[in-house]
Amino acid sequence: MAWWKIISGRINVGDELLTPGRGTEGFKRRSFTVLDTDSSKMILGSGGSKITIEKECFDAIEKSFSENPILWLRVAALHDNEPAKGSVDELVRLATGSQLARGNYICSIIEHCGLVRYAMRGNKKGIEIAGKHQ
């Protein structure tokens with residue numbers, strides 16, 4: 001799919017990004033670093049952990065937006081067995097079968113690449129297609 005090509009061209013080993021944080025100002029943002037990339041995945045470093053983000057994660061989000069351009073997906077990750085309904089984590093878990101919460105990292109990457117923008121709905125942060133105006 002097209003998003004992975006864009007992401008692969010804009011994200012490089014050594015890049016440091018920030019998780020979305022809370023609210024419009026992004027309180028409690030945390031940094032993570034791109035440790036490695038290849039044609040099917042990227043490996044991120046956050047604290048002392050390594051997080052693998054597969055191409056399928058981005059493909060699932062791109063597919064959802066291509067099917068519904070006015071879609072808004074929650075960024076929030078629940079560190080439980082069940083992801084928040086209508087969230088990036090829910091899509092990613094369905095696409096990969098993994099129960100790891102990775103939505104914050106994925107949202108940061110696709111926002112950094114200009115594919116989506118952060119948008120608030122009440123006190124919940126989400127993503128929508130970049131350039132969309134309400």
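Numbers at a glance
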quantity: Candidate set: segment 93-130, residues that are closer than 14 Å to Asp59 by Cα and touching an Asp or Glu at 6+ places or on another chain (Cβ under 6 Å); chosen: the one least open to solvent (accessible area, probe 1.4 Å); calculated: Gly103
quantity: Residue check for Leu17: touching a His at 6+ places or on another chain (Cβ under 7 Å), assigned to a strand (DSSP E or B), farther than 16 Å from Gly126 by Cα and among the hydrophobic types (A, V, I, L, M, F, W, C); calculated: yes
quantity: Any hit, segment 15-33, residues being loosely packed, with under 12 Cβ neighbours inside 10 Å, of a type in the set (S, T, N, Q) and out of contact with any strand residue (DSSP E or B) (no Cβ under 9 Å at 6 or more places or on another chain); calculated: no
quantity: Checklist (1) farther than 16 Å from Gly126 by Cα; (2) touching a Gly at 6+ places or on another chain (Cβ under 9 Å); (3) in a helix (DSSP H, G or I) applied to Ala95, failing item; calculated: (2)
quantity: Qualifying residue in segment 19-38 (condition: among the aliphatic types (A, V, I, L, M) and touching a residue at least 40 places away in the same chain (Cβ under 8 Å)); calculated: no
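The values are calculated or read from the model by the stated rules, or taken from the named source; none is laboratory data. Here the structure is a predicted model, which means the values were calculated and not measured. Quick reminder, even Gly has a Cβ in these numbers, built from the backbone with ideal geometry, and neighbours come from all protein chains shown. Note: areas computed on protein heavy atoms with side chains; ligands, DNA, RNA excluded. Shrake-Rupley method; radii C 1.70, N 1.55, O 1.52, S 1.80 Å.
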